Amino acid sequence: MRLFLLLFFPLSLFAEIVLTSQKTRIYALNGTIIKTIEKNTKLNVSVLEKDKKYFQIGNTQNLILAAHTLGFEQMLNQSEKDKLELENAFKSRQRELLRLQSEFKTMEIQILETERDTALSYQSSSYSRTGGRYTYSYTRLISQSKARKLIEVLMFEKDKLKQEKIKLFKESMNLSAALSQNQLNVEQLSKIFTGKDKNHSKFIITKKNAAVFSGSQVFTHLKYGELLTARQHPQHKDFHQVILNKKIYTIASSDLANIQGLKLDYNKRITSNLSAIEFQKTLVKDLQTSIILLQSVIRQLAVDKAVSGYVKVKNMTIQIDPQTVLVINNQNGSSVYVHNNRAKDVIEEWLIRLDVKKLDLKSTEANMLIRQKNDVDLRQEQSNILALLQ
């Protein structure tokens with residue numbers, strides 16, 4: 001640290017207000033570490049002409065690394081850059097989610113159509129010259145063994161899509177939370193720069209009868225919601241120093257919360273809960289879609305019984321929504337028939353699956369309601385505790 005051997009250092013004519021961008025050290029000219037200060041500490045500094053990597057702090061001879069500080073314009077520019085990056089990343093995740101949602105739905109339809117087709121057959125006829133009459137035979141659209149193998153592949157791909165959807169959704173919600181946090185940080189840092197932040201060193205007691213110590217002895221107890229000035233204890237990381245009657249005492253850090261930190265904490269908790277609500281909404285939507293698909297494909301196999309066991313399909317096409325149609329494809333205009341017994345087996349399995357999905361939907365909607373109530377409670381709790389700060 002050759003810089004600190006300087007006995008004289010001319011300063012820039014220009015001074016500015018900065019905030020520390022991280023927890024950092026304050027140095028004396030000889031290189032001695034004077035103390036460590038917290039992130040977002042406001043300082044009045046000037047450029048050290050002999051080595052512009054350092055700032056002089058106010059009218060003192062103390063120095064700080066310029067790289068560990070942030071000017072007002074720097075803060076705004078960095079915040080705007082972060083905001084744009086977060087917004088672009090969020091939009092990218094949303095586009096991917098829409099694509100995966102469409103693929104997931106297509107995959108589910110393919111599975112249902114494959115299961116359905118095991119109960120369907122094409123009819124073919126041949127004329128007997130000796131008997132003088134037509135005989136009819138039926139050929140399955142797909143065999144059960146072939147369908148089983150195909151469904152295994154489709155289910156595997158569907159599960160991969162599901163996991164990718166969950167991953168992208170979590171990333172999307174984290175980005176949304178980061179955007180909210182970025183905006184809150186800009187507002188708070190701007191207040192510090194402009195001197196409008198009156199609560200930067202203010203704390204609130206978050207525990208009933210919080211013990212305050214003088215040395216190792218309990219000096220007094222503070223009530224929940226009481227406001228005081230505090231700072232991190234220089235020797236003990238789990239404690240803060242508080243000022244009472246112009247004297248310094250010690251209190252457990254877990255018994256109090258910084259007002260700005262409290263606001264950030266509530267913002268995180270509320271945002272996290274909102275993300276959980278959005279996730280429940282996607283589950284509800286997926287289950288509702290799945291139920292509609294099941295109910296619709298059942299209609300294609302639900303036909304009147306026939307003595308021969310085969311009945312011509314009534315619903316070759318079923319419209320699910322403007323973008324979704326269930327279609328039974330026939331070959332060369334041939335009629336498609338449902339085999340009663342095979343259809344009965346398939347429908348029975350679908351009905352069991354349908355009941356499970358309906359129960360899952362009911363449970364998911366209940367979980368979403370709980371989350372929505374939590375959101376109301378959290379906001380009320382936030383309002384109540386912040387009201388104590390007025």
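The values are calculated or read from the model by the stated rules, or taken from the named source; none is laboratory data. Values in this document were obtained by computation on a predicted structure and should not be read as measured data. FYI the Cβ positions are ideal-geometry reconstructions off the backbone, even for glycines, and counts take in every protein chain you see. All accessible areas refer to the heavy atoms of the entire protein, side chains included, with ligands and DNA or RNA removed. Shrake-Rupley method; radii C 1.70, N 1.55, O 1.52, S 1.80 Å.
For the chain, what is the accessible area per residue in Å², given a 1.4 Å probe and the full set of protein chains? Write down the numbers at each step before the final one.
Details: 23870 Å² over 390 residues.
Spelled out: the 1.4 Å probe surface of the chain, per residue, equals 61 Å².
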Kirkwood estimate for region 214-365, i.e. one over the average of 1/r between Cα atoms, Å: 22.1 Å
Convex hull per residue volume in Å³, alpha carbons only, for region 131-191: 77 Å³
Degrees separating the helix 144-194 axis from the principal Cα axis of the chain, which is the longest one: 20 degrees
Shape of the chain, Cα gyration tensor, a/c cut at 1.5: prolate
In Å, descending, principal axis extents of the Cα set of region 65-112: 64, 17, 7
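Trypsin sites (Lys or Arg not before Pro), restricted to region 267-321: which are DSSP loop and have at most 16 other Cβ atoms within 10 Å? Don't skip to the end; give the middle numbers.
On the way: sites: Lys268, Arg269, Lys281, Lys285, Arg299, Lys305, Lys312, Lys314; in loops: Lys305, Lys314.
Here the trypsin sites (Lys or Arg not before Pro) that fit, given the DSSP loop and packing criteria, are Lys305, Lys314.
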Gain on full stretching of the segment that runs from Gln372 to Ser124 - 0.36 nm per residue minus C-alpha separation: 83.4 nm
Residue range of the chain that is longest and free of chymotrypsin sites (Phe, Trp or Tyr not before Pro) which are both DSSP loop and sparsely packed (at most 14 other C-beta within 10 Å): 9-223
Within a Gaussian network of the chain (alpha carbon springs, distance under 10 Å), most fluctuating of Glu49, Glu108, Glu365: Glu49
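Could you work out [θ]222 nm for the chain from helices alone, using -39500 (n - 2.57) per DSSP H run of at least four and dividing by all its residues? Round to the nearest 500 deg cm²/dmol.
Values: 4 runs with 188 residues, N = 390.
Roughly -18000 deg cm²/dmol at 222 nm, from the helical runs in the chain.
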Angle in degrees between helix 340-387 and the longest Cα principal axis of the chain, rounded to the nearest 10: 20 degrees
The chain, relative contact order in percent, only Cα pairs under 8 angstrom and at least six apart counted: 13 percent
Accessible-area value, His236, 1.4 Å probe, nucleic acids and ligands omitted, Å²: 100 Å²
Top of Asn245, Asn182, Asn315 by mean-square fluctuation, Gaussian network on the chain, Cα under 10 Å: Asn245
Computed log₁₀ I(q)/I(0) - Debye formula, equal Cα scatterers, no solvent, region 14-75, q 0.11, 0.29 Å⁻¹: -0.20, -1.44
Range of Cα positions in region 290-390 per principal axis (Å), largest first: 81, 27, 15
